[in-house]
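The values are calculated or read from the model by the stated rules, or taken from the named source; none is laboratory data. All values reported here derive from a predicted model rather than from experimental measurement. When we count neighbours, we look across all protein chains shown, and the Cβ atoms used for this are built from the backbone with ideal geometry, even at glycine.
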Amino acid sequence: MRDIIKMIVVLSVISATTGAALSYINNVTAKPIAAAEFQYLKEPALKSILPAYDNSLVEDKIEFAVGEGESAKTITVYPAKKDGKLLAIALETFASSYGGDLGAMVGYDIEKKRLSGVSITTMSDTPGLGTRTKEPKFIDQFKDVPLDVTLALKADGGGIDAVTGASISSRAVCKAVNDALGIIRDNGENIISEVK
Amino acid sequence: MLNSLYEILMPLRAAKNLDKLPVNAVPAPEFLYVHLKQHEGAEAAPVVKAGDEVKAGQTIGWAMDFMSADVHAPMDGKVVDIERQPNPYGGFSSVVVIKTEGKRKSVESTPDPDYLSKTNGELLHRIRRMGVMCEGPAPPSIHSIFNPYMCPSRLVAHVGRDPLPPVDTLIVTAIDEEPIVSINQYMITRQSNDVPEAIKLMKKLSVVTGRTVLACLDTQKKEAEKAASGEAEVRIMSGRYPGTLRELTVWRLTGREIPAGASPMSVGVAVIPLRTAIAALKAVRDGIPQTSMIVTVAGDAVTPPQMVDALIGTPARDILKFCDVPEAPIKKLVFGGPIRGKSQFSFDMPITKGVNTIVALKVDKLVPIAENNCINCGACVEFCPARLQPNMLSRHCQFRVFDEIVKKHITACLECGVCGYICPSRRPMLQYFQNAKQQMKLPRKGNML
Amino acid sequence: MRFYQEFIKGLWKEIPPFKLVLGLCPTLAVTAAAANGFYMGMATTFVLVCSNVLISMLRKVIPSKVRIAAYILVIASFVVIVEMMMKAYVFPFYQILGIFIPLIVVNCIILGRAEAFAAKNGVLYSFADGLGIGIGFTIALTFLGAIRELFGVGSIWGFAVMPATYMPFEFMIKAPGAFVCLGVILGLMSLVGKK
Amino acid sequence: MKSSGLIVDVGPHIHGGNSIARTMHNQIIALIPAIAVGVYMFGAGAIRAIAVAVAAAVVFEYLMLRALKKPASALADGSAALTGLLLVLMLPADVPWWVIVVGVGASIVIGKMLFGGLGAYPFNPVIVGWVILLLSWPGLINKWPRPNHMQWGGIAESLPAQTTIEIMKRYGVQMSDQFSILDSFLGFQPGGIGSVAGLALVIGGVFLIARNIISWQVPVGFIAGIFIFGGIYHAVDPTMYASPLFHLVSGTTLFCIFFLAPEHTTSPNTKWGKILFGLCCAALTIVIRTHGTHANGSARFAILLMNLLVPFFDRIRPPILGLPKKSKEAAADA
């Protein structure tokens, strides 16, 4: 009997202590984590694809609903402004790839009416193979693409050179960018007017 | 003749036309070495001593238990010595050395034309006294075939099973188990006059309630039908090797599978080789004891193969000399068939009642057998008559995982040697199994009848 | 002296994945590059040292019947702390190690050392043991990662060492390559140990 | 009694004459028609590739035999040469020499010798080597030269040299309808050196079966499976799924059927096990080809996966002779 009570007491004490420690640390680190996630995940991607801007992307971002019925979803749009003037917008789209979902941040230059760049945000493909889609050699092919184009790999009859050995990842990037192009084509005016 | 056996992956077939060869009697050598253990069970007790004069057919060894049979002097002569010598089938046994005199004489006989009116017990006793045995490494005597309960070694396999059913099928087989062996084939063509009477005697001894079958090779159908003359129905079977084994003969003729280690009596079948049946007939009717063997001498060192009638106790050297076979090229001398026979270390080894064949092989035809890897080709699984997995069993044996082989029913192995014959890796399959059985003290397959 | 011995044994005699053959999950999963292996090893070392020390302190308090549950609680807490700290202050490391950090909880090296060493020895020796084994683990993971990276990518720690014409042997940085590579190293280690 | 210097051992005292060397040499002989067609189609490049592969295989085997302290005489059985030959026949004729060397090395060292050599490996070493190459340099070993004498009325000229399977996967099954099955069967299709020529492979396979080197059950089961499962798909929707004949003559299907699937060590032993093994390989081949991404290597992946299940196929076997009825279940468990 004494053993059982001892067990219960010891386990309870350890659980309570660790629980308390964890919740304290969670509180302390919540803010730095959120900041770090934006800083390391979204910001580099946005910086690489948007022209120079001076506003805070986090504060200015808006949620925008696109599609109808089953394909309805909410996307986050980041506007890039300089001196109060809207230069470009960026939005993130996803496509399923070799190792799971692949996220692409697509920037759109409002002046030129062309893509200002594409950057891969999240992917879990094979390191050294699928991840090579992040390299400029591949990703820079999406720069300055006009709105009315549907992108495809050369092997599929399009104009994009796939990363050797990673045609699935390359195809997924194409699809994500195509999605973004579609969204901008269909809703671009609305988004721009809302952002302004 | 044997060269045809070196066919790649071809099934072993019974040798053709060996039974048509003339049979010459080997003249008596100067010394005969008559083993007192030529049978299953205990060694016979000598009833002569050094210096005694013996006559052909005189009893020199007295059977000591139910499984064994008496031993007779094959020739007139003088007992020189009784000594321990290596037995061709392993171990040592007492040998009566007889110095023979002059020409080979016929055996004295005590005929009994009224034998059919005797009781079975009297007949079996007389057969045993006349020393009639089957062939093989540990040949059973004819009386133990009909009474497996009386043999301790047989009894083990029957413990815990239902009592023996009455014999409803008697199979007299004129098929030799192994390819070169041709003694039973010989009987059906050359001693066909005695066949009906022998079958009748066997029917009486086995108290058969159902049918009687004379099994013969498909090449001998006509002769067999003539010889059986209505005493038994003739069934022909192919002479493909593992199928000629006694167990498989029973299975092919009756569809009954004999439990591992048990005798065919346990499924109500009695199997008698034709040669043994005729020898038994000669024992009870003519009173002739078994003192000589008809031996096939073959192998690639022997061209052409021959059949000779040799006295029991004649050393292999004298038989080979009589057959004009030079000894120098012979590297392996096998008593018995080329698959399951027993290889001998000396040309001086005398023949016993178990020896029906002498196979002499040259070394250039022998293949190196070694503990190579099994490549899992599956040939042994395909050909195994017991439907075992010899490839796995041999690996267990090789690495001495003996518990596993018992679980995998190695007791059902017929020790036919086909797995070793076809193995492309040249693994010593049969050796593995025999060794494992010995280690685990499992019953070995002898000449189980 | 004994402190030194407990420390040094983890570096060769009981080096975890190669000699103890423990903790294979991270060994196979994260060693596609030398740097990944190193960071994973460091994170594991931190958890290992902390949990070893704490469990060694509590070893007389914890009843033996619930010891595994208690160990897991302690280990899991440290792992979560490591994860949150990394996320908050060294996010790039977190990005590399990602989902493998939570797996440290079930890394059998940590539970194994807790059970086999910390539960029976004093705090100081447990610290030495945890540090030694952890550093050994780090060395092993870095070594394996370096080999796989060298052949699979042509670089070590991100620096290209193979000539530009080298066609990477990408099998090495994929999952089956990890198995083969680890297997070969294990075989060579036991060969060396035999002599 | 004096010993006469005779050999004393256990029977059987004679041997059927089969040997590992005979098995391997016959398989190499059976590959000659396929090699001949490959050389005719792809020219000197094919000869070069084969020479490199066989030489590399022998060298690797020799080194491994030395390293594992086994007698080097095992080289003579030809199993190493056969492994190298089988691997290179699945590769394009213009593949760089070092790819062949690495692939053969992976086959011999990782696939074969590290498991204990001939008879001990669980996976077909040839496929292991090929998979390692596929994981490492997919671009190099899936880039097919166009056969020298190929005439595909117009359509294929406009396409890069892809195997018929790749074209079917990429452009739809209508495209595959335009290839002549007979042309593909005779070898007029892009692909590996020895795996394009269906007729030559069938000749080799029939030779092997006739010589009793491989048993007929695996190939027959495999072919039947292709017809059954491919036929089911084709019957459901002919516009979506290719015909079983197309599946049979394209890709490495026939090569796998006669040379990779019946490989002794990695295929089942029992009659029904072999047939079922062939059927399952075929089913997986069709499924991978129809729904998977690596359509080109579907048959090889199917065999690789089925190799894992060989011990289970081996349990499908007849009851042991003379075993009492009640323990027949026990026999099945053993």
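What's the number of the condition residue B:236 fails, among (1) touching a Lys or Arg at 6+ places or on another chain (Cβ under 6 Å); (2) under 23 Å from residue B:421 (Cβ atoms)?
(2) is the only condition that residue B:236 fails.
Go through the range B:16-35 and give me each residue that's part of a loop (DSSP other than H, G, I, E, B) and crowded, with 24+ Cβ neighbours inside 10 Å. Let's see the steps before the verdict.
The initial filter retains those residues of the range B:16-35 that are part of a loop (DSSP other than H, G, I, E, B), namely B:16-17, B:21-22, B:26-30.
Within the range B:16-35, just B:28 meets the criteria.
Counting just the residues of the range C:82-126 that are away from chain A (no Cβ under 13 Å) and touching a Pro at 6+ places or on another chain (Cβ under 7 Å), which one comes out farthest from residue A:39 (Cα to Cα)?
So, considering only residues that are away from chain A (no Cβ under 13 Å) and touching a Pro at 6+ places or on another chain (Cβ under 7 Å), the one farthest from residue A:39 (Cα to Cα) is C:109.
Within the range B:243-252, identify whether any single residue is without any contact (Cβ under 8 Å) to a residue 40 or more places away in the chain, among the acidic types (Asp, Glu) and within 14 Å of another protein chain (Cβ to nearest Cβ), and answer yes or no.
Of all residues in the range B:243-252, those without any contact (Cβ under 8 Å) to a residue 40 or more places away in the chain come to B:251-252.
Now narrow it down to the ones that are among the acidic types (Asp, Glu): none.
No, that holds for no residue.
Taking the residues in the range B:301-319 that are of a type in the set (Val, Ile, Thr) and over 17 Å from the mean Cα position of the chain (by Cα) as candidates, determine which candidate is surrounded by the most Cβ atoms within 10 Å (Cβ to Cβ).
If we filter the range B:301-319 for residues that are of a type in the set (Val, Ile, Thr), which is where we start, we get B:302-303, B:308, B:312, B:314, B:319.
Filter once more, so that each one left must be over 17 Å from the mean Cα position of the chain (by Cα): B:302-303, B:314, B:319.
Working: B:302: 23, B:303: 13, B:314: 28, B:319: 23.
Among those residues, the one meeting the criterion is B:314.
Starting from the range B:96-124, keep only residues that are in a strand (DSSP E or B), then list their pairs with residues that are of a type in the set (Ser, Thr, Tyr) and surrounded by 10 or more Cβ atoms within 10 Å (Cβ to Cβ) whose Cβ atoms are within a distance under 7 Å, requiring at least 6 positions of separation or different chains.
Filtered contacts from the range B:96-124: B:97/B:33.
Considering only the range B:401-423, state which residues are aromatic (Phe, Trp, Tyr) and within 9 Å of chain D (Cβ to nearest Cβ). I'd like the intermediate steps shown before the answer.
The initial filter retains those residues of the range B:401-423 that are aromatic (Phe, Trp, Tyr), namely B:402, B:421.
Correct list: B:421 only.
Quick test for you: out of B:322, B:345, B:335, pick the one residue that is among the aromatic types (Phe, Trp, Tyr) and surrounded by fewer than 18 Cβ atoms within 10 Å (Cβ to Cβ). Show your work before the answer.
Numbers: B:322 fails: surrounded by fewer than 18 Cβ atoms within 10 Å (Cβ to Cβ); B:335 fails: surrounded by fewer than 18 Cβ atoms within 10 Å (Cβ to Cβ).
None of the other options fit; the residue is B:345.
Take the conditions within 24 Å of residue D:102 (Cα to Cα) and more than 14 Å from chain B (Cβ to nearest Cβ) and apply them to residue D:55. Does it pass? First the steps, then the outcome.
Numbers: within 24 Å of residue D:102 (Cα to Cα): yes; more than 14 Å from chain B (Cβ to nearest Cβ): yes.
Yes.
Within the range B:72-93, count every residue that is within 15 Å of residue B:352 (Cα to Cα), more than 14 Å from every other protein chain (Cβ to nearest Cβ) and in a strand (DSSP E or B).
Of the residues in the range B:72-93, 1 are within 15 Å of residue B:352 (Cα to Cα), more than 14 Å from every other protein chain (Cβ to nearest Cβ) and in a strand (DSSP E or B).
Enumerate the pairs (first residue in the range C:165-191 and part of a helix (DSSP H, G or I); second residue anywhere and modelled with pLDDT under 85 and of a type in the set (Lys, Arg)) with beta-carbon separation below 8 Å, excluding pairs fewer than 6 apart on the same chain, so at least 6 apart or on different chains.
Hits for this filter: C:189/C:19.
So which of A:30, A:52 is hydrophobic (A, V, I, L, M, F, W, C), out of contact with any Gly (no Cβ under 8 Å at 6 or more places or on another chain) and assigned to a helix (DSSP H, G or I)? Quick ask: steps written out before the conclusion?
On the way: A:52 fails: assigned to a helix (DSSP H, G or I).
Unique residue meeting the criteria: A:30.
Determine if the range A:78-91 includes at least one residue that is of a type in the set (Val, Ile, Thr) and within 14 Å of another protein chain (Cβ to nearest Cβ).
Quick first cut of the range A:78-91, residues of a type in the set (Val, Ile, Thr) only: A:89.
In the following step, the residues that additionally are within 14 Å of another protein chain (Cβ to nearest Cβ) were identified as none.
So far as the range A:78-91 goes, no, none of its residues is of a type in the set (Val, Ile, Thr) and within 14 Å of another protein chain (Cβ to nearest Cβ).
One line per residue, one yes/no per condition, for (1) modelled with pLDDT of 90 or more; (2) over 25 Å from the mean Cα position of the chain (by Cα); (3) facing chain D (nearest Cβ under 8 Å):
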| position | (1), (2), (3) |
| --- | --- |
| B:339 | no, no, yes |
| B:344 | yes, no, yes |
| B:350 | yes, no, no |
| B:360 | yes, no, no |
| B:366 | no, no, yes |
| B:370 | no, yes, no |
| B:378 | no, yes, yes |
| B:383 | no, no, no |
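Being more than 7 Å from every other protein chain (Cβ to nearest Cβ) and surrounded by fewer than 19 Cβ atoms within 10 Å (Cβ to Cβ) is the filter here; which residues of the range C:63-75 pass it?
If the condition is that a residue be more than 7 Å from every other protein chain (Cβ to nearest Cβ) and surrounded by fewer than 19 Cβ atoms within 10 Å (Cβ to Cβ), then C:64, C:67, C:68, C:72 are the ones that fit.
Determine whether residue C:53 is in contact with a helix residue (DSSP H, G or I) (Cβ under 9 Å, 6 or more places away or on another chain), part of a helix (DSSP H, G or I) and touching a residue at least 60 places away in the same chain (Cβ under 8 Å).
On the way: in contact with a helix residue (DSSP H, G or I) (Cβ under 9 Å, 6 or more places away or on another chain): yes; part of a helix (DSSP H, G or I): yes; touching a residue at least 60 places away in the same chain (Cβ under 8 Å): yes.
The answer is yes for residue C:53.
I'm trying to understand the selection: among the residues of the range C:63-79, which are within 17 Å of residue C:116 (Cβ to Cβ) and in contact (Cβ under 8 Å) with a residue 12 or more places away in the chain?
Here is the first cut: in the range C:63-79, the ones within 17 Å of residue C:116 (Cβ to Cβ) are C:64, C:67-68, C:70-72, C:74-75.
Within the range C:63-79, C:67, C:68, C:70, C:71, C:72, C:74, C:75 meet the criteria.
Check A:5, A:14 and return the single one that is assigned to a helix (DSSP H, G or I) and at the interface with chain C (Cβ under 7 Å from one of its Cβ atoms). Steps first, answer last, please.
Values: A:5 fails: at the interface with chain C (Cβ under 7 Å from one of its Cβ atoms).
Checking each option against the conditions leaves just A:14.
What do you reckon, is residue B:298 small (Gly, Ala, Ser), farther than 30 Å from residue B:443 by Cα, surrounded by 22 or more Cβ atoms within 10 Å (Cβ to Cβ) and more than 14 Å from chain D (Cβ to nearest Cβ)? Lay out the reasoning, then the answer.
On the way: small (Gly, Ala, Ser): yes; farther than 30 Å from residue B:443 by Cα: yes; surrounded by 22 or more Cβ atoms within 10 Å (Cβ to Cβ): yes; more than 14 Å from chain D (Cβ to nearest Cβ): no.
Against the criterion (small (Gly, Ala, Ser), farther than 30 Å from residue B:443 by Cα, surrounded by 22 or more Cβ atoms within 10 Å (Cβ to Cβ) and more than 14 Å from chain D (Cβ to nearest Cβ)), residue B:298 does not qualify.
Within the range B:51-60, does at least one residue satisfy the condition of being surrounded by 21 or more Cβ atoms within 10 Å (Cβ to Cβ) and within 20 Å of the chain's Cα centre (by Cα)?
Within the range B:51-60 (the criterion being surrounded by 21 or more Cβ atoms within 10 Å (Cβ to Cβ) and within 20 Å of the chain's Cα centre (by Cα)), the answer is no, since none of the residues qualifies.
Is one or more of the residues making up the range A:141-152 surrounded by 14 or more Cβ atoms within 10 Å (Cβ to Cβ) and within 14 Å of chain D (Cβ to nearest Cβ)? Walk me through how you get there before you give the answer.
Filtering the range A:141-152 down to residues surrounded by 14 or more Cβ atoms within 10 Å (Cβ to Cβ) leaves A:141-143, A:145, A:149, A:151-152.
Applying the additional criterion that residues be within 14 Å of chain D (Cβ to nearest Cβ) yields A:152.
Yes - at least one qualifying residue is present in the range A:141-152.
What is the number of the single condition among (1) away from chain A (no Cβ under 14 Å); (2) in a helix (DSSP H, G or I) that residue C:22 does not meet?
Tallying (1) away from chain A (no Cβ under 14 Å); (2) in a helix (DSSP H, G or I), residue C:22 fails exactly one: (2).
From the residues in the range D:20-38 that are under 21 Å from residue B:424 (Cα atoms) and within 14 Å of the chain's Cα centre (by Cα), which one is nearest to the other protein chains (Cβ to nearest Cβ)? Steps first, answer last, please.
Going through the range D:20-38, the residues under 21 Å from residue B:424 (Cα atoms) turn out to be D:20-31.
Within this subset, residues satisfying the condition of being within 14 Å of the chain's Cα centre (by Cα) are D:24, D:27-28, D:30-31.
On the way: D:24: 10, D:27: 12, D:28: 15, D:30: 16, D:31: 18 Å.
The extreme case among them is D:24.
Please verify whether residue B:430 is within 25 Å of the chain's Cα centre (by Cα), away from chain D (no Cβ under 11 Å) and either surrounded by fewer than 24 Cβ atoms within 10 Å (Cβ to Cβ) or assigned to a helix (DSSP H, G or I) (or both), treating the condition exactly as stated. Write out each step before concluding.
Values: within 25 Å of the chain's Cα centre (by Cα): yes; away from chain D (no Cβ under 11 Å): no; either surrounded by fewer than 24 Cβ atoms within 10 Å (Cβ to Cβ) or assigned to a helix (DSSP H, G or I) (or both): yes.
No; evaluated as a whole, the condition is false for this residue.
Identify, by number, the condition in (1) at pLDDT 85 or above; (2) touching a helix residue (DSSP H, G or I) at 6+ places or on another chain (Cβ under 7 Å) that residue B:219 doesn't meet.
With (1) at pLDDT 85 or above; (2) touching a helix residue (DSSP H, G or I) at 6+ places or on another chain (Cβ under 7 Å) applied to residue B:219, the lone miss is (2).
Give all pairs with beta carbons closer than 6 Å in which a residue from the range D:1-17 that is at the interface with chain B (Cβ under 7 Å from one of its Cβ atoms) meets a residue that is among the charged types (D, E, K, R) and assigned to a loop (DSSP other than H, G, I, E, B); count only pairs at least 6 apart in sequence or on separate chains.
Qualifying pairs under 6 Å: D:1/B:348; D:11/B:340.
Quick check on the range D:18-34: of everything there that is buried (at least 22 other Cβ atoms within 10 Å of the Cβ) and not hydrophobic (A, V, I, L, M, F, W, C), which residue is modelled with the lowest pLDDT?
Kept after step one, since they are buried (at least 22 other Cβ atoms within 10 Å of the Cβ), are these residues of the range D:18-34: D:20, D:23-24, D:27, D:30-31, D:34.
Okay, now just the ones that are also not hydrophobic (A, V, I, L, M, F, W, C), so D:23, D:27.
On the way: D:23: 90, D:27: 94.
That would be D:23.
When you scan the range B:52-60, do you find a residue that is β-branched (Val, Ile, Thr), assigned to a strand (DSSP E or B) and within 19 Å of residue B:309 (Cα to Cα), even just one? Write out each step before concluding.
Filtering the range B:52-60 down to residues β-branched (Val, Ile, Thr) leaves B:54, B:59-60.
Restricting the remaining residues to those that are assigned to a strand (DSSP E or B) gives B:54, B:59-60.
Subsequent filtering for residues that are within 19 Å of residue B:309 (Cα to Cα) retains none.
Within the range B:52-60, not a single residue is β-branched (Val, Ile, Thr), assigned to a strand (DSSP E or B) and within 19 Å of residue B:309 (Cα to Cα).
Consider residue B:400 carefully, then state whether it is basic (Lys, Arg), part of a loop (DSSP other than H, G, I, E, B) and modelled with pLDDT of 85 or more. Let's see the steps before the verdict.
Numbers: basic (Lys, Arg): yes; part of a loop (DSSP other than H, G, I, E, B): yes; modelled with pLDDT of 85 or more: yes.
Yes: the conditions hold for residue B:400.
Using the structure shown, decide if residue B:318 is acidic (Asp, Glu), outside the structural domain of residue B:143 (by TED's automatic domain parsing), at pLDDT 90 or above and at positive phi.
Numbers: acidic (Asp, Glu): yes; outside the structural domain of residue B:143 (by TED's automatic domain parsing): yes; at pLDDT 90 or above: yes; at positive phi: no.
Here the answer is no, as residue B:318 does not meet what is asked.
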